[in-house]
Structure formats: structure tokens, C-alpha cells
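Asker: I'd like to ask you about the structure that follows.
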Amino acid sequence: MTKTADIMGMPVRVNLADDFAKEKDIEEVFDYFWLIDERFSTYKDGSEISKINKGLLKLNEASEEMKKVLRLCEETKEETKGYFDVEKNGKIDPSGLVKGYAIWQASLVLEKKGYKNFYVEIAGDGEVRGLNNGEVWRIGIENPFNRMEIVKVMGLSNKGIATSGNYVRGVHIYDPLSGKGVDDIASVTVIGDNVYEADRFATAIFAMGERGIVFLENKEGLEGYMVLKNKKAIYTTGFEKFVIS
């Protein structure tokens, strides 16, 4: 059972591969994503994060989920030695972590309902559980220079995957230590034990530029594939074990 929709200005897809899949369970996941959009969208004037940035809502008055996400952002900043930073020009934008966090939370809801085989995705970042009709889930990595082309097909089960790059929205990821846009790499895809870990580190690793692959290589539980500006690819030593083609 599969449903797709556009939320947060991005394509969202939920695929439940268990035989007992119920439509109401998919709807519950999508309701949660709509709530996330209303809470964290920096494009909506009435969102909770927009009210905080406008000074209309104090942080100590924010929702518990907002406080939790901002706390996770601060932890990620410490773990990446400042390369993940949600504050810029006096404003807070946790979008580099929220997408993976939301997918992860939705997956935990499905898990509690007894689902063992499913895929939850927002704009290419996803949580992959179990199998799809008895086989591992096949996830493609786009060529950042030609989005119609898939450069690698991954076979994943019980993993999270996230890609960070400037090739869709232009330069919007900055090195928070220098304040400059990152332009020496085109994209980085990270595979982790869950999509939350993959997504938050994908953002930080991209901000590090080419040297981010070294951080990724040394980070336990993560593997990755980086496409450089010169169209060459570099990847971690354990990445190839996930490659199908």
C-alpha cells in the first residue's frame, strides 16, 4: 500500500509492504508530516519557528517537540565541531535536521503498530525497514549533474539514507565556520542506522566540503558517497557493500 503527496514543498511517499497494511495508518503518518510542516516551516509566517524568529514566541514557551529538535540541533553542532549550525543572521532554521527527524519519528509510529516492512521518504531521504516483496529495498542515487540518471542503486534494509547537495536549489548550504557557500562538491549521500543519523550528518558533511569524506569515514555506523564538483566520486570503505548496480 503506497501513498504520495506534496508536503513542505517536497514529495512525500509512504510504502507499507506488510500484508495487513491499513490506509488509516498511512493517513496518520501524513497527518504527522502536515503537523511538522506547520511547526517547522520557515516559509510559513504562522509556523512556530517563524513566530520564534519574529520574537512573537519565546523559546521557553515553544512546544516540547520544538525544544527537543533544537536540543538535537545543538548536540549535532557539538558532534560536528560547529559544521552543523541552525543559527544564521539571528534566525533559526532547523530544516537540516527536521526532515530526517520527522521521517524517523513516523517510522517509530509504524513500528509500534507492528509494521516490519516499509519505506518512508521525503524528497529522496528515507527510512527503509525489512523487505519489499521479499527483497531488499532498491534506492537510487541521482547524478547531481543529470537528475534523470541514477549513478548507483543501493540495496537497503533497516537503514536510513539521506542526500545533501546544492544541485536542486542552488547554493544554500554554507560552511558556518567561514560563512561561505560550499561549491567544491555537488552532493553527498549518507547511509546510517536510521534516517535521522544519516540526514543530520549529511548536512554537516556537505558543509565541510571535500574533507567531509574523512569525517564520514571515521564516523562509526555511517557510510557515504560523495560527488565532487569535477564529477568524480569518492566514497567510504564500507559503502560498496550496499551497492547493487
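Asker: Kindly indicate which of Tyr235, Tyr196 is within 23 Å of Arg129 (Cα to Cα) and among the hydroxyl-bearing types (Ser, Thr, Tyr). Quick ask: steps written out before the conclusion?
Answerer: On the way: Tyr235 fails: within 23 Å of Arg129 (Cα to Cα).
The match here is Tyr196.
Asker: Inspect all residues belonging to the stretch 83-93 and state whether any of them is among the acidic types (Asp, Glu), surrounded by 19 or more Cβ atoms within 10 Å (Cβ to Cβ), under 25 Å from Phe201 (Cα atoms) and modelled with pLDDT under 95.
Answerer: So the first thing to find is which residues in the stretch 83-93 are among the acidic types (Asp, Glu), and the list is 85, 87, 93.
Okay, now just the ones that are also surrounded by 19 or more Cβ atoms within 10 Å (Cβ to Cβ), so 85.
Then keep just the ones that are under 25 Å from Phe201 (Cα atoms); that gives 85.
So of that shortlist, the ones also modelled with pLDDT under 95 come out as 85.
For the stretch 83-93, residues among the acidic types (Asp, Glu), surrounded by 19 or more Cβ atoms within 10 Å (Cβ to Cβ), under 25 Å from Phe201 (Cα atoms) and modelled with pLDDT under 95: present.
Asker: Looking at Gly130 and the list (1) on the phi > 0 side of the Ramachandran plot; (2) at pLDDT below 95, which single condition is not satisfied?
Answerer: It is condition (2) that Gly130 fails.
Asker: Can you find even one residue in the stretch 44-66 that is closer than 23 Å to Thr163 by Cα and loosely packed, with under 14 Cβ neighbours inside 10 Å? It would help to see each step written out before you state the result.
Answerer: Residues of the stretch 44-66 that are closer than 23 Å to Thr163 by Cα, as a first pass: none.
So far as the stretch 44-66 goes, no, none of its residues is closer than 23 Å to Thr163 by Cα and loosely packed, with under 14 Cβ neighbours inside 10 Å.
Every residue, every condition in (1) surrounded by fewer than 17 Cβ atoms within 10 Å (Cβ to Cβ); (2) modelled with pLDDT under 95, yes or no:
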site: Arg71; (1), (2): yes, no
site: Glu75; (1), (2): yes, no
site: Ser95; (1), (2): yes, yes
site: Ser107; (1), (2): no, no
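Asker: Yes or no: the stretch 49-57 includes at least one residue that is under 30 Å from Ser157 (Cβ atoms), out of contact with any Lys or Arg (no Cβ under 8 Å at 6 or more places or on another chain), modelled with pLDDT of 95 or more and among the charged types (D, E, K, R). Walk me through it before giving the result.
Answerer: Residues of the stretch 49-57 that are under 30 Å from Ser157 (Cβ atoms), as a first pass: none.
There is no residue in the stretch 49-57 that is under 30 Å from Ser157 (Cβ atoms), out of contact with any Lys or Arg (no Cβ under 8 Å at 6 or more places or on another chain), modelled with pLDDT of 95 or more and among the charged types (D, E, K, R).
Asker: Out of Glu142, Glu79, which single residue is out of contact with any His (no Cβ under 7 Å at 6 or more places or on another chain), closer than 20 Å to Thr203 by Cβ, of a type outside the set (S, T, N, Q) and surrounded by fewer than 18 Cβ atoms within 10 Å (Cβ to Cβ)? Talk me through it step by step, then tell me what you get.
Answerer: Numbers: Glu142 fails: surrounded by fewer than 18 Cβ atoms within 10 Å (Cβ to Cβ).
Sole residue among the options that is out of contact with any His (no Cβ under 7 Å at 6 or more places or on another chain), closer than 20 Å to Thr203 by Cβ, of a type outside the set (S, T, N, Q) and surrounded by fewer than 18 Cβ atoms within 10 Å (Cβ to Cβ): Glu79.
Asker: Among the residues of the stretch 207-225, write down those that are closer than 20 Å to Glu127 by Cα and either in contact with a strand residue (DSSP E or B) (Cβ under 7 Å, 6 or more places away or on another chain) or basic (Lys, Arg) (or both).
Answerer: Kept after step one, since they are closer than 20 Å to Glu127 by Cα, are these residues of the stretch 207-225: 216, 219-225.
Selection gives Leu216, Lys219, Gly221, Leu222, Glu223, Gly224, Tyr225.
Asker: Let me ask something else. Mind checking which residues of the stretch 133-152 are on the phi > 0 side of the Ramachandran plot and among the small types (Gly, Ala, Ser)?
Answerer: Passing the criteria: only Gly134.
Asker: Residues in the stretch 1-46 that are in contact (Cβ under 8 Å) with a residue 40 or more places away in the chain, under 24 Å from Asp93 (Cβ atoms) and not in a helix (DSSP H, G or I): how many?
Answerer: 6
Asker: Could you tell me which residue of the stretch 1-26 is nearest to the chain's Cα centre (by Cα), considering only residues that are surrounded by fewer than 13 Cβ atoms within 10 Å (Cβ to Cβ) and farther than 27 Å from Val136 by Cβ?
Answerer: Gly9
Asker: Looking only at the stretch 153-170, decide whether some residue is at pLDDT 95 or above, surrounded by fewer than 18 Cβ atoms within 10 Å (Cβ to Cβ) and hydrophobic (A, V, I, L, M, F, W, C).
Answerer: yes
The values are calculated or read from the model by the stated rules, or taken from the named source; none is laboratory data. Everything numeric in this text was worked out from a predicted model, so none of it was measured. Glycine also receives a Cβ, built like all others from the backbone with ideal geometry; neighbour counts cover every protein chain displayed.
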